[in-house]
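Read-outs: derived from the displayed coordinates by stated rules, not from any lab. Since the model is a prediction, treat every value here as computed from it, not as a measurement. Methodologically, a virtual Cβ is constructed for each residue, glycine included, from the backbone with ideal geometry; neighbour enumeration extends over all protein chains shown.
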Amino acid sequence: MNHTAHCLLSYPDEALLLGNFIGDYVKGSAWKRYPLGVQRGILLHRAIDSFTDHHPATRASIARVREFAGRYAPPVVDILYDHLLCLQWDACCQVEFDVFANWVYASLDARSGEMPAELQARWPHMREGRFLQGYQTREGLEWVLGQFSRRLNGAVDAGALATHFFAGIADFASDFSAFFPDLQQRVLVFLKED
């Protein structure tokens, strides 16, 4: 899953949110240097990623985009699933999207000094661009895919990928609907294990 899902699955715990948000930037055992609540968020991020990568519905979506994204198909599906989460928001979440997004921005702003340096440098731009809202629209999703492709020097054909995704969105939405409740359940189990 990408930003929107990781943030949602941390709601309303600010330390969990920070850890989940920075998870991709904390390698190896470096998570042990953070306060306990943030450590828990980093480990939750890893658990979410592992569960997502191995779920049969996610694998079906990955197979559908492989010809457009090659080895980057798994992170592309994470991005696509954030868009589908936004489209199905009311079925997945009890808090209004804007209330949730404002909580994310305020919480991460308050703790941005604890982010790894690379993410600290990106954070003001992400916040000002209201990055979570970008996943709500087709135009926003196409922009995110374009940015992703640029970071990979064009290794992903963002335009063809977006066209393919929206042409078959019902199949992707079906995969997402089979997957996301299972992920929510996995997160509940993870949080109870502590």
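Quick notes on this one:
- Calculated SAXS-style log₁₀ I(q)/I(0) at q = 0.08, 0.09, 0.14, 0.18 Å⁻¹ - the chain, Debye, Cα scatterers: -0.24, -0.31, -0.79, -1.35
- For the range 98-142: rounded, prolate or oblate by the Cα gyration tensor [a/c cutoff 1.5]: oblate
- Zone of Ala178's modelled label, taken as backbone nitrogen in the range 2-23 under 11 Å from a point 7 Å along Cα→Cβ: none
- Separation in nanometres of the label points that stand 7 Å from Cα toward Cβ, at Ala170 and Ala121: 4.6
- For the options Ala162, Ala30, Ala63, a Gaussian network treatment of the chain with springs between C-alpha atoms closer than 10 Å singles out Ala30 as fluctuating the most.
- Pairwise FRET efficiency - Lys192 versus Ala63, Cβ, R0 = 30 Å, nearest 0.05: 0.40
- Between helix 138-151 and the chain: long-axis angle, C-alpha atoms, 0 to 90°, nearest 10: 80
- The range 144-187 versus the range 74-88: alpha-carbon centroid distance in Å: 5
- Ellipticity estimate at 222 nm from DSSP helix runs (n ≥ 4, -39,500 (n - 2.57)) divided over the chain, nearest 500: -23000 deg cm²/dmol
- Exposure proxy order (Cβ contacts within 10 Å, fewest to most) of Phe131, Phe97, Phe165: Phe97, Phe131, Phe165
- Rounded to 10°, Cα long-axis angle of helix 73-87 versus longest principal axis of the chain: 80
- When the Cα gyration tensor is reduced to axis lengths a ≥ b ≥ c, the ratio a/c is 1.5 or higher for the range 1-84, and with a/b above b/c it is classed as prolate.
- Cα shape, the range 69-118, gyration tensor, a/c 1.5 rule: oblate
- Approximating the spin labels as points 7 Å out from Cα along Cα→Cβ, the Tyr25-to-Ser50 distance works out to 2.4 nm.
- Principal-axis analysis of the Cα atoms of the chain puts helix 36-54 at an angle of about 20° to the longest axis.
- Computed from the C-beta positions of Arg71 and Trp143 and an R0 of 22 Å, the FRET efficiency is 0.45 to the nearest 0.05.
- Between the range 94-136 and the range 18-62, the Cα center-to-center distance that results, in Å: 17
- For the chain, a Gaussian network of Cα nodes joined below 10 Å ranks Asn102, Asn20, Asn153 by mean-square fluctuation, and the top entry is Asn153.
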